[in-house]
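This report refers to the structure that appears directly beneath it.
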Amino acid sequence: MLLEVKNLTVRYGAVVALKDVSFGVDEGEIIALIGPNGAGKSTALKAVSGLLKASDGTIDDGEIFFEGKNIKDLRTDQLVTEGLSLVPEGRRVFSTMTVLENLEMGAFTRNDKAAVKNDVENVLAFFSPLKERLYQKAGTLSTGEQQMLAIGRALMLKPKLLLADEPSLGLSPNYVELIFDKFTEINKNGTSILLVEQNAVEALRIAHRAYVFDIGHIVMHDTGKNLAANEEVRRTFLGQRD
Ligand SMILES: Nc1ncnc2c1ncn2[C@@H]1O[C@H](COP(=O)(O)OP(=O)(O)OP(=O)(O)O)[C@@H](O)[C@H]1O
Ligand SMILES: [Mg+2]
């Protein structure tokens with residue numbers, strides 16, 4: 001297994017946000033974490049991406065393995081070296097920097113200039129609308145374009161596992177579909193993906209497997225296809241009553 005989260009318990013002071021949660025990502029998979037507000041999805045992703053720690057008192061128990069190595073105590077920059085990169089919730093592009101500068105920032109850990117230039121070109125070929133906006137400040141891009149840039153910046157780090165928190169939030173329907181199609185393409189090119197989403201319809205459309213979170217627990221786990229067809233899931237998350 002590429003990523004293995006075992007018996008994770010996370011607390012924010014007195015609030016237990018995750019209790020004894022286990023999930024994993026196999027090499028080549030797209031995995032979605034779905035569930036209602038406050039279920040603990042972002043908390044799970046933050047623990048994996050090094051934003052929460054045992055040392056800051058949030059990770060109370062459990063282990064996180066990446067390619068068999070315990071990564072629970074690694075910093076975000078160390079995780080990048082291991083092959084994990086995060087597309088943060090709300091995109092967090094550097095709004096006063098240009099599109100090009102944002103992409104180059106994505107590769108801040110690398111000093112192979114020619115290869116970085118080549119990777120920028122690959123990202124621009126992949127997200128072609130960004131090509132015409134290369135010298136435009138990122139803050140002036142539309143939400144959908146900013147999401148492309150945020151994903152592109154994460155791809156500059158050449159991750160083995162791409163982590164994304166609510167990538168569809170605030171995007172127009174056309175962009176939502178485009179972004180999810182791009183995740184499928186990124187995955188086909190060899191990158192595994194762990195996705196947190198409230199848009200269960202789209203997430204289950206592309207996910208090989210998904211875990212359903214509710215109040216700090218995983219309440220269901222199955223293939224994307226089975227969950228999309230599951231009556232209870234449809235009633236609760238897909239807004240369909242039949
Ligand atoms: N920094 C924090 N301090 C205190 N409590 C927090 C903090 N972050 C999250 N929580 C609480 O932990 C629980 C899980 O939150 P989390 O953000 O992981 O949920 P989520 O499933 O991502 O929800 P959403 O769909 O709204 O993004 C919630 O009860 C939330 O209020
Ligand atoms: Mg969240």
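The values are calculated or read from the model by the stated rules, or taken from the named source; none is laboratory data. Note that this is a predicted model, so its numbers are computed, not measured. No Cβ is skipped: glycine too gets one built from the backbone with ideal geometry, and neighbour counts run over all protein chains shown.
Annotations
- Within the range 5-39, tally of residues that are more than 13 Å from ligand 1 (Cβ to nearest atom), surrounded by 14 or more Cβ atoms within 10 Å (Cβ to Cβ) and within 24 Å of Asn199 (Cα to Cα): 8
- Just one residue in the set Thr109, Thr98 is more than 25 Å from Gly40 (Cα to Cα), modelled with pLDDT of 95 or more and out of contact with any Cys (no Cβ under 6 Å at 6 or more places or on another chain); that residue is Thr98.
- Leu3 vs. criteria out of contact with any strand residue (DSSP E or B) (no Cβ under 7 Å at 6 or more places or on another chain), more than 14 Å from ligand 2 (Cβ to nearest atom) and among the aliphatic types (A, V, I, L, M): no
- Leu84 being in contact with a Gly (Cβ under 7 Å, 6 or more places away or on another chain) and closer than 20 Å to Ala150 by Cβ: no
- Of all residues in the range 196-219, those being in contact with a helix residue (DSSP H, G or I) (Cβ under 7 Å, 6 or more places away or on another chain) and away from ligand 1 (no atom under 12 Å from the Cβ) number 8.
- Among the residues making up the range 57-69, those that are part of a loop (DSSP other than H, G, I, E, B) and away from ligand 2 (no atom under 16 Å from the Cβ) are Gly57, Glu67, Gly68.
- Here Asn230, Asn226, Asn187 are screened, and the one residue that is more than 16 Å from ligand 2 (Cβ to nearest atom), polar (S, T, N, Q) and under 19 Å from the mean Cα position of the chain (by Cα) is Asn187.
- Filter result for the condition that a residue is more than 26 Å from Gly28 (Cα to Cα) and surrounded by 14 or more Cβ atoms within 10 Å (Cβ to Cβ), over Phe94, Phe127: Phe94
- When Lys72 is tested against (1) out of contact with any Ser or Thr (no Cβ under 9 Å at 6 or more places or on another chain); (2) free of Cβ contacts under 8 Å to residues at least 60 places away in the same chain; (3) more than 16 Å from ligand 2 (Cβ to nearest atom); (4) within 25 Å of Phe127 (Cβ to Cβ), exactly one condition is not met: (4).
- Checking each residue in the range 40-92 for being within 13 Å of ligand 1 (Cβ to nearest atom), charged (D, E, K, R) and over 20 Å from Phe23 (Cα atoms) picks out Asp56, Glu89.
- None of Lys19, Lys41 is more than 16 Å from ligand 2 (Cβ to nearest atom) and either farther than 18 Å from His208 by Cα or among the charged types (D, E, K, R) (or both) except Lys19.
- Filtering the range 222-242 to residues that are surrounded by fewer than 17 Cβ atoms within 10 Å (Cβ to Cβ) and either more than 16 Å from ligand 1 (Cβ to nearest atom) or basic (Lys, Arg) (or both) leaves Asp222, Thr223, Lys225, Asn226, Ala229, Glu231, Glu232, Arg235, Gln240, Arg241, Asp242.
- The range 85-171 holds helices (runs of 4 or more DSSP H) entirely within its bounds, and those carrying 2 or more residues that are under 16 Å from the mean Cα position of the chain (by Cα) and within 16 Å of ligand 2 (Cβ to nearest atom) map to 143-155.
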